[in-house]
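The values are calculated or read from the model by the stated rules, or taken from the named source; none is laboratory data. Bear in mind that the values here come from a model prediction, so they are computed numbers and not experimental data. Neighbour counts are summed over all protein chains in view; Cβ atoms, including those assigned to glycine, are modelled from backbone coordinates with ideal geometry.
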């Protein structure tokens, strides 16, 4: 696992440098479906990451956002698979607010085990290995352990939410659980980083929360840092599922408040958690 993690970190750093080069120059914006933007940075970072990961781990499928589904056909039956978002937060990339990341996650037997998130503008990189720990990795290689908060209840909790897709009834939800604030931020991966490093207690996205490439690295990093990550009903993500959509949302937390968040969301829906 250590070798795979180092390969992912190296590839993500290289992709982040490429993304930053494009960010500093004029670039065109196209749209895939509706208002979902894509740029040269997305496509070129996607190609780079797929190449580097295929070389480092031959035979392991690479499920990447900008790849054709045929490129990773059969991933659901593989023992392990990479899940890659070459530019998580393309809207923020286009808006030039710096809130975007390169994300590489590994799932083994359907469970997220390794997460690498690199924030090009922040010039910061993060690595989580579930069961071993999570770290911020300096450019020179020095590793500083990171950990989620120890807050035991939602009273006074700090939430981070989507900047571009704010959850409905957010204000009433925050007030109802006694949380202190809900801060908007771009990039699922960076919101995961903000939980994993203890800046916020909860990352909340109860609606459609992208795809598995948005979840894998985020989940692995948060869990490796001592937290929890599930869908908004409390069910685990299955990285062997043929359907790649995170249709039931995402909640990442410090773990201690996770059940309380899931139960509060259930009350708001008029139902409960799955299972």
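Scanning the range 188-201 finds no residues that are buried (at least 24 other Cβ atoms within 10 Å of the Cβ), outside any helix (DSSP H, G or I) and in contact (Cβ under 8 Å) with a residue 60 or more places away in the chain. Each residue in the range 68-109 was checked for being crowded, with 16+ Cβ neighbours inside 10 Å and either closer than 17 Å to residue 215 by Cβ or in the same structural domain as residue 224 (by TED's automatic domain parsing) (or both), and 23 of them qualify.
Any residue in the range 204-220 that is over 19 Å from residue 163 (Cα atoms) and in a loop (DSSP other than H, G, I, E, B)? Checked against the condition, which is being over 19 Å from residue 163 (Cα atoms) and in a loop (DSSP other than H, G, I, E, B), the range 204-220 yields no hits at all. Checking the structure you have, find out if any residue of the range 265-272 is touching a strand residue (DSSP E or B) at 6+ places or on another chain (Cβ under 9 Å) and more than 22 Å from residue 62 (Cβ to Cβ). Yes, that holds for at least one residue. Taken over the range 110-125, the criterion of being touching a helix residue (DSSP H, G or I) at 6+ places or on another chain (Cβ under 8 Å) and within 15 Å of residue 215 (Cα to Cα) is satisfied by 112, 113, 114, 115, 116, 117, 118. Among the conditions (1) in contact (Cβ under 8 Å) with a residue 40 or more places away in the chain; (2) assigned to a helix (DSSP H, G or I); (3) more than 17 Å from residue 113 (Cα to Cα), residue 233 misses just one, which is (2). What are the residues in the range 126-142 that are farther than 16 Å from residue 11 by Cβ and exposed (fewer than 15 other Cβ atoms within 10 Å of the Cβ), if any? If the condition is that a residue be farther than 16 Å from residue 11 by Cβ and exposed (fewer than 15 other Cβ atoms within 10 Å of the Cβ), then 131, 132, 138, 140, 142 are the ones that fit.
Of all the criteria given as (1) farther than 17 Å from residue 222 by Cβ; (2) in contact (Cβ under 8 Å) with a residue 40 or more places away in the chain; (3) surrounded by fewer than 24 Cβ atoms within 10 Å (Cβ to Cβ), the one not satisfied by residue 120 is (3). Among the residues of the range 51-74, those that are more than 18 Å from the chain's Cα centre (by Cα), free of Cβ contacts under 8 Å to residues at least 40 places away in the same chain and either in a helix (DSSP H, G or I) or within 30 Å of residue 183 (Cβ to Cβ) (or both) comprise 51, 54, 55, 69, 70, 71, 72.
Would you mind finding the one in 255, 227, 207, 249 that is in the same structural domain as residue 173 (by TED's automatic domain parsing), more than 17 Å from residue 84 (Cβ to Cβ) and in contact with a helix residue (DSSP H, G or I) (Cβ under 7 Å, 6 or more places away or on another chain)? Before you say what the answer is, go through the steps one by one.
Values: 255 fails: in contact with a helix residue (DSSP H, G or I) (Cβ under 7 Å, 6 or more places away or on another chain); 207 fails: in contact with a helix residue (DSSP H, G or I) (Cβ under 7 Å, 6 or more places away or on another chain); 249 fails: in contact with a helix residue (DSSP H, G or I) (Cβ under 7 Å, 6 or more places away or on another chain).
Exactly one residue qualifies, and that residue is 227.
Filtered by the rule that a residue be at pLDDT below 95, closer than 15 Å to residue 96 by Cβ and in a strand (DSSP E or B), the range 25-39 gives 29, 37. Looking at the range 17-30, can you tell me whether even one residue there is buried (at least 18 other Cβ atoms within 10 Å of the Cβ), closer than 18 Å to residue 216 by Cβ, touching a strand residue (DSSP E or B) at 6+ places or on another chain (Cβ under 9 Å) and in the same structural domain as residue 132 (by TED's automatic domain parsing)? Scanning the range 17-30, I find no residue that is buried (at least 18 other Cβ atoms within 10 Å of the Cβ), closer than 18 Å to residue 216 by Cβ, touching a strand residue (DSSP E or B) at 6+ places or on another chain (Cβ under 9 Å) and in the same structural domain as residue 132 (by TED's automatic domain parsing), so the answer is no.
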